[in-house]
Amino acid sequence: MSRLPPLYRPELLSPADRERLAQVLARIDEAADRFLGYPCSGRFDYTPLYPFLRYPLNNVGDPFVPTTFAVQTHDIEVEVLEAFREFTRAPRDGFWGYVTNGGTEGNMYGIYLARELHPDGVVYYSEDTHYSVAKILRLLHARNIMIRSLPGGEIDYEDLHATIAVRRDVPPIIFANIGTTMTGAVDDLARIRAVLADLAIPASYIHADAALSGMILPFVDDPQPFGFDDGVDSIAISGHKMIGAPIPCGVALARRAAVDRIARAVEYIGTLDTTLSGSRNAITPLMMWYALRTQGTAGFRTIVARCMDMADNAIARMRAAGIDAWRHRNSITVVFPRPGPAVIARWQLAVHRDIAHLIAMPHVEERHVEALVADLVRDRSQEGKS
Ligand SMILES: Cc1ncc(COP(=O)(O)O)c(C=O)c1O
């Protein structure tokens, strides 16, 4: 570490600026206690990692390849990827991945690989797909067709079949939702593969967007198919969702053979350029590593089971209050009719058309659910009066 004093240090902050920081912290602290609509866990304590914030860390380049840039955490990143390799049942040899800035980057990576492998391929994705995917498709100039969704949020397999059937000359690139944003619906990979088999498609690619459910399904007894052994070629999982982190993060996992096609040696960093961004976060791999080491698989099974119980608790409370709430199997996303704007704003509920959801993340407590249901009941009676 440099022997020179840091340029930015506490004693240089004016009292007014200190006060400003205190105000922002207080605002965040208050908001974090009514945070029910978005899948970002707020239950962590990363204090042992604070000393790492003193270094200009950067995980630039391929985590698996030695680099000239030594102020990095590639070794820790590889251990995180190894854990995800097991969760997603990827082959030990022939697997590759890196820690991303979140689900969006992992999805972009998957579609990028698919398009490089199949330049004339068409991406098929359901109308319940996360909004960022349409932007990714535009950025990558990837040919694409949106497929209808079934009422619960899964892709409509008949529409998928009919749509691919008229374009059998180009490889289908399936963007499968392993847990949709609004309802947590899981596209059935077996049915998707059956569609491809029925149409005798010789070459295809399946990318799985498992932003939230990628850290749920490995820890339940009867998961829907979602892994490499179920036929996916790449997977994106968010780290700041189920694991929880103050910095957005995630993993992109893919088959090594596909990644080798896009790898480029770069003398400047003395390693391979296989990732989307150049400079990469070296702190978030530490956070994911710490979370995985402190909880282990058994810990995450307990965490996920508690979330499922909390989701059921919310459904039971809502139904008892006459609110039509439901969830999909193995999902912690509780769907209910869209309430008025005051309730949406108070509990930071995500809404789409006529539905809203609560996501029973690890930080959600019974008192939150109780207070939300009371607000929903009040909201409904006020609506009746207006
Ligand atoms: C299904 C799905 N895919 C992708 C994303 C985007 O992930 P991120 O916010 O980590 O970039 C989300 C975010 O909620 C999501 O729900």
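Report, in whole Å, the centroid distance computed from the Cα atoms of the range 1-56 and the range 180-199.
The range 1-56 and the range 180-199 have Cα centres separated by 42 Å.
Cβ under 9 Å from LEU272's Cβ, LEU272 left aside: what net charge do those residues give with Lys, Arg +1 and Asp, Glu -1?
-1
When the accessible area of the range 51-292 is computed with all protein chains present and a 1.4 Å probe, what percentage of it is carbon and sulfur?
C and S fraction of accessible area: 53 percent.
What is the distance, in nm, between label points placed 7 Å from the Cα along the Cα-to-Cβ direction at VAL166 and at ASP198?
For VAL166 paired with ASP198, the spin-label model returns 1.7 nm.
Sorting check: for 63-71, 216-224, which peptide has the highest mean count of neighbouring beta carbons within 10 Å, and how do the rest follow?
216-224, 63-71
Compute the projected area of the convex hull of the Cα atoms of the range 51-292, averaged over all viewing directions, and report it in nm² to one decimal place.
12.8
Rank-order 84-90, 156-162, 18-24 by packing density, defined as the average count of other C-beta atoms within 10 Å over each peptide's residues, highest first.
Averaged packing, sorted descending, gives the order 84-90, 156-162, 18-24.
Give me the dipole magnitude in Debye, nearest 20, for the range 51-292 about the Cα centre, with unit charges on the beta carbon: positive for Lys and Arg, negative for Asp and Glu.
Computed charge dipole of the range 51-292: roughly 580 debye.
Take the alpha carbon atoms of the range 72-96, find their center, do the same for the range 201-222, and report the distance between the two centers in whole angstrom.
16
How far is the Cα center of the range 249-278 from the Cα center of the range 356-386, in Å?
Between the Cα centres of the range 249-278 and the range 356-386 lies a distance of 45 Å.
Under 5 Å between amide hydrogens, which residues at least 5 positions from HIS363 or on another chain qualify, with H placed 1.01 Å from N in the peptide plane?
Amide H neighbours of HIS363: GLY42, ARG43.
Give, as a single signed number, the net charge of other residues whose beta carbon lies under 12 Å from the beta carbon of SER238, with Lys and Arg counted +1 and Asp and Glu -1.
Taking every other residue near SER238 into account, the sum is -1.
How much area per residue is accessible in the range 47-138 when the probe is 1.4 Å and only protein heavy atoms are counted (Å²)?
Averaged over the residues of the range 47-138, the accessible area is 44 Å².
The values are calculated or read from the model by the stated rules, or taken from the named source; none is laboratory data. Keep in mind the model is a prediction, meaning the values are calculated, not measured. Backbone-built Cβ (ideal geometry, glycine too); neighbour counts: all protein chains shown. All accessible areas refer to the heavy atoms of the entire protein, side chains included, with ligands and DNA or RNA removed. Shrake-Rupley method; radii C 1.70, N 1.55, O 1.52, S 1.80 Å.
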